1. If we keep just the residues of the range 53-86 that are within 22 Å of LYS31 (Cα to Cα) and polar (S, T, N, Q), which is surrounded by the fewest Cβ atoms within 10 Å (Cβ to Cβ)?
2. Which of the residues that make up the range 61-78 are part of a strand (DSSP E or B) and among the basic types (Lys, Arg)?
3. Show the residue pairs meeting these rules: Cβ distance below 9 Å; 6+ apart or different chains; first residue within the range 35-55 and in a strand (DSSP E or B); second residue buried (at least 20 other Cβ atoms within 10 Å of the Cβ) and of a type in the set (Asp, Glu).
4. Might you check whether a residue that is of a type in the set (Ser, Thr, Tyr) and modelled with pLDDT of 60 or more occurs anywhere in the range 18-36?
Amino acid sequence: MKTKSILMSTAIGALLAFGTVTAHAGDDNSKKEKCFGVAAAGENSCAANGHSCQGQAKTSKDPNEWKYVDKDKCATMGGSTTAGKTAS
């Protein structure tokens, strides 16, 4: 019985570890940056003032809403890497 319990624990641990690795494999944000003021309504990447989740932006191009964009592309899109500001 003890061997069966150890095998089950090992199998569960392996599945959890595999799930963690695969879930983060596509999350390479090292080539991305937060860009404020470019997200369309409902297309923000994360929380901002007034809500706590992705996809809850009420208006487009709100300078306090952000989404991930390729590095060095934010300014050319008319956004800013600082909340509350937009490109001049």
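The values are calculated or read from the model by the stated rules, or taken from the named source; none is laboratory data. If you're wondering where the values come from, they're calculated on a predicted model, not measured in any experiment. Cβ atoms come from the backbone with ideal geometry, glycine included; neighbour counts cover every protein chain shown.
1. The residue in question is THR76.
2. LYS67
3. Correct list of pairs: PHE36/ASP62; PHE36/GLU65; ALA48/ASP62; ALA48/GLU65.
4. Checked the range 18-36: at least one residue is of a type in the set (Ser, Thr, Tyr) and modelled with pLDDT of 60 or more.
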